[in-house]
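Q: Pasting a structure below so you can have a look.
The values are calculated or read from the model by the stated rules, or taken from the named source; none is laboratory data. Predicted, not measured: the structure shown is a model, and the values here were computed from it. When we count neighbours, we look across all protein chains shown, and the Cβ atoms used for this are built from the backbone with ideal geometry, even at glycine.
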Amino acid sequence: MTATLTPEKKNGSHKELSPELLLQMHDTMVKARVLEERLITMYKQGDGYFWIGGPGEEAFGVPLGMLVQKGHGPEYDYLHLHYRGSPTIMAMGADPVDSLRQMKNTASDPYSRGRNFCCHYSIEKWNVVPVSSPIEVQYSMAPGTALANKRALGGKGTGITIVTGGDAGTAEGDFATCLIWSSRKGHELPVLIIVTNNLYGISTPYEGQHGETKISDRGKPFGMQTLTVDGNDPEVSYQALAAAMDYVRTERKPFLLEVMVSRLYGHSSASGANFVANETDCLAKFEQKLIDRKLITRERADTIRATYNQELLDASKKVREEPQPKPESIWDHVFADTAGNGAPKGSS
Amino acid sequence: MATMVQAIRMALHVGEERHGVTDVFGEDIGPPLGGAFTQTQGIKTSWNSPLDERGIVGMAIGLALAGQRPVAEIQFCDYAFNTIDLLKLAGAMHWSSAGDWKCPMVLMTPVGAGIRGSIYHSHSFDAQATRLAGWKIVCPSNPRDAYGLMLSAIVDPNPVMYLMPKALLRVKGRPGEEVPGEPGDDKALSKMIDQPPGGDRSKWRPEWPKLEDLFIPIGKASIVRPGKHVTIVTYGRDVLMALGAAEEAAKDGTDVEVIDLRSLHPYDWDAIKTSVKKTNRVIFVNEDTEITNFGEHLLRRTVEELFYELHAPPKLVAGKHVPGIGLADSLEHASVPQKATILAAIRETAAHVP
């Protein structure tokens, strides 16, 4: 059950996206989907303890990653993602094998060295803030990086802060915190506040939990530009994100964007991680659209998928053999000023 | 001689002038008030935040991640309880990312009883704070340490919680506890850096003395009174209580050593160990409620590691495990350690025959 909403207002230019861009989006969407399916398989085969991720959010997440002003420091975009951000990270150019390493909690996992669940990314060199399992805390932190964005280059920077979270989590006070702190009169902050609405919070349906007509409406009392779009259509997502980002980059003010997405394998492995047939599959839909437009053939699309499949299957076998973190490594990085500084007694 | 609150203010000034502090913020921190205790008067980078503690902590984390140097405040630690998961997140930032990210922020908050603050302005935060791995926790007991610990907190690459014992904020230092560079004359200092109350405060600017850097190392205790017979390990407000009790005990011939931990985490185990090996008797004192109290940890470690050094059962003198500190004098006194309580513990410990 996925709502398909039309953009309320036309933002920026709606020029058609080039075939090259569409094919690039498609390729990355396939890569992200295959990655998630490989992670699920690894979990089911005992090569990980828990799976949570973003299959079904590729049509939104990939354009987001493509549009990010990627770099280090407040001149560039900060990303406060939730745990469904693999499509975005793949579009930013991350190696999918590293995601397998985090699933297998190996010492080689670059995001947490075996400490955190899969899809809990942390990439300091690209301003990707550590993903945390508690939902919504990212909405409280986002105004902080956005204030740094605003100050960068003597106030002339174009870097922004992008924060994503789910629909259910907007009930938390941190969501209100983000709305309030980013819209203070005279102190507005360049934050793109994104809610991916899959109409569920684990097992609890959206209906019955929300009094507001649309989540994006919650930005209106704060004077924010708001928009709700079909996140299952990558062209719509791309255009909406481009327009919203352009506004935030230029005006240095917040924008609340709600994207309606699917949850193709349920909440997480806790709910089985099985394909949900009655959800819209954004990748299948997009692929068919590209075939109908003769931009790609079925064979070519199948080959792309098969190639990624094989690559990640091979990689998962290699990752399985990589060493686990050493027990004594629990004391590493307790503090930033001394390496391996946490003595077993916890002090001195 | 500066008061503790003046010392904190001077440290924040030096922090923003010389050590990269970009933001000093929280509820009522900016003009016109300059902090509920006047701790941020005249600070250039100070600003007023929305009344939202989670927002304050979230903002500080975000700023720290983005290379800024924030000093944030929770107006009373009693209001910090709904920020615990964000505090945990800040402490976990470096560890969970396996060293990828740093979160150099200072969170200051007034703690403890002693100003008749009633139920929600008298809490301690020691137990909660010291459970937050990844944080450094400091708590000064005099103006000089307040100044030097704040500067150390500001330049530390980790999140540092700065617990301000609110009963001591207006207390002047004793000889040797000067802030380096402060003028010797109290009135002159007040005229320079205390915002006159009332009237139009917008035109007022402080005239800062020529202050020197002082970095009190985080993790180093101070022996504020050397002694031979009993060790008291404490911090913050109870340092003065313990010194008072120690003077009383001296009249009976009991020579008490008082250790001011200054840092709750990392704490100076060597200082505790050395002292206990010398006196063979130890009392841990703090204001927090006694069940699952930070002093209990120190006591447990003492029992585990120094059992055969002890000539008397180690003691914990702490707050009563009641939901709040009652307003009436009689209630506050009955709820948190007083000089008499500490003195009674000293006498009992000193008199114990193994």
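Q: How many residues are on the phi < 0 side of the Ramachandran plot and outside any loop (DSSP other than H, G, I, E, B) if we restrict to segment B:1-40?
A: Number of matching residues: 19.
Q: Working only within segment B:251-275, note down all residues that are assigned to a helix (DSSP H, G or I), hydrophobic (A, V, I, L, M, F, W, C) and closer than 15 Å to residue B:224 by Cα.
A: B:271, B:272
Q: Which residue pairs have Cβ atoms closer than 6 Å, lie 6 or more positions apart in sequence or on different chains, and pair a first residue in segment B:155-176 that is more than 21 Å from residue B:134 (Cβ to Cβ) with a second residue that is of a type in the set (Ser, Thr, Tyr) and at pLDDT 95 or above?
A: Going by the 6 Å Cβ cut-off, the qualifying pairs are B:170/B:3; B:172/B:3.
Q: Quick one: how many residues across segment A:147-162 are touching a strand residue (DSSP E or B) at 6+ places or on another chain (Cβ under 7 Å) and either more than 10 Å from chain B (Cβ to nearest Cβ) or not in a strand (DSSP E or B) (or both)?
A: Residues that pass the stated criteria total 3.
Q: A follow-up question, please. Restricting to segment A:282-310, and then to whatever is in contact (Cβ under 8 Å) with a residue 12 or more places away in the chain and among the charged types (D, E, K, R), can you tell me which residue is farthest from residue A:259 (Cα to Cα)?
A: A:305
Q: Sort out which residues of segment A:173-188 are more than 8 Å from chain B (Cβ to nearest Cβ) and closer than 13 Å to residue A:221 by Cα, and write them in order of number.
A: If the condition is that a residue be more than 8 Å from chain B (Cβ to nearest Cβ) and closer than 13 Å to residue A:221 by Cα, then A:176, A:179, A:182, A:183, A:185 are the ones that fit.
Q: Is it fair to say residue A:189 is surrounded by 22 or more Cβ atoms within 10 Å (Cβ to Cβ) and over 26 Å from residue B:52 (Cβ atoms)?
A: no
Q: Sticking with this one: Which numbered condition trips up residue A:61, out of (1) surrounded by fewer than 20 Cβ atoms within 10 Å (Cβ to Cβ); (2) modelled with pLDDT of 95 or more?
A: (1)
Q: Considering only residues that are part of a loop (DSSP other than H, G, I, E, B) and more than 20 Å from residue B:235 (Cβ to Cβ), which ones fall in segment B:329-354?
A: Within segment B:329-354, B:352, B:353, B:354 qualify.
Q: For segment B:250-273, what are the residues that are within 11 Å of another protein chain (Cβ to nearest Cβ) and within 17 Å of residue B:153 (Cα to Cα)?
A: Matches in segment B:250-273: B:261, B:263, B:264, B:265, B:266, B:267, B:268.
Q: Can you spot a residue in segment B:219-237 that is touching a residue at least 40 places away in the same chain (Cβ under 8 Å), on the phi > 0 side of the Ramachandran plot and not hydroxyl-bearing (Ser, Thr, Tyr)?
A: Checked against the condition, which is being touching a residue at least 40 places away in the same chain (Cβ under 8 Å), on the phi > 0 side of the Ramachandran plot and not hydroxyl-bearing (Ser, Thr, Tyr), segment B:219-237 yields at least one hit.
Q: It is to be established whether one or more residues within segment A:298-314 are in a loop (DSSP other than H, G, I, E, B), among the charged types (D, E, K, R) and modelled with pLDDT of 95 or more.
A: For segment A:298-314, residues in a loop (DSSP other than H, G, I, E, B), among the charged types (D, E, K, R) and modelled with pLDDT of 95 or more: absent.
Q: Does segment A:165-175 contain any residue that is part of a loop (DSSP other than H, G, I, E, B), among the aromatic types (Phe, Trp, Tyr) and closer than 24 Å to residue A:266 by Cα?
A: Within segment A:165-175 (the criterion being part of a loop (DSSP other than H, G, I, E, B), among the aromatic types (Phe, Trp, Tyr) and closer than 24 Å to residue A:266 by Cα), the answer is no, since none of the residues qualifies.
Q: Here's something else I'd like to know. Starting from residues that are in contact (Cβ under 8 Å) with a residue 60 or more places away in the chain and more than 14 Å from every other protein chain (Cβ to nearest Cβ), keep the ones in segment B:209-218 and report whichever is nearest to residue B:340 (Cα to Cα).
A: B:216
Q: Does residue B:339 qualify as being without any contact (Cβ under 8 Å) to a residue 40 or more places away in the chain and either over 24 Å from residue B:248 (Cβ atoms) or among the charged types (D, E, K, R) (or both)?
A: Answer is no for this residue.
Q: Considering only residues of segment B:50-87 that are assigned to a loop (DSSP other than H, G, I, E, B) and more than 8 Å from chain A (Cβ to nearest Cβ), which is surrounded by the fewest Cβ atoms within 10 Å (Cβ to Cβ)?
A: By that ranking, first place goes to B:51.
Q: Given the conditions (1) under 30 Å from residue B:32 (Cβ atoms); (2) more than 19 Å from the chain's Cα centre (by Cα), and given that residue B:237 satisfies all but one, which numbered condition is not satisfied?
A: (2)
Q: Another question, then. For segment B:325-354, how many residues are acidic (Asp, Glu) and surrounded by 13 or more Cβ atoms within 10 Å (Cβ to Cβ)?
A: Number of matching residues: 2.
Q: I'd like to verify a number: residues in segment B:335-354 that are of a type in the set (A, V, I, L, M) and under 22 Å from the mean Cα position of the chain (by Cα), how many?
A: Total satisfying the criteria: 2.
Q: Look at segment B:279-324 and say how many of its residues are loosely packed, with under 15 Cβ neighbours inside 10 Å, among the charged types (D, E, K, R) and either at pLDDT below 95 or farther than 19 Å from residue B:334 by Cβ (or both).
A: Qualifying residue count, segment B:279-324: 3.
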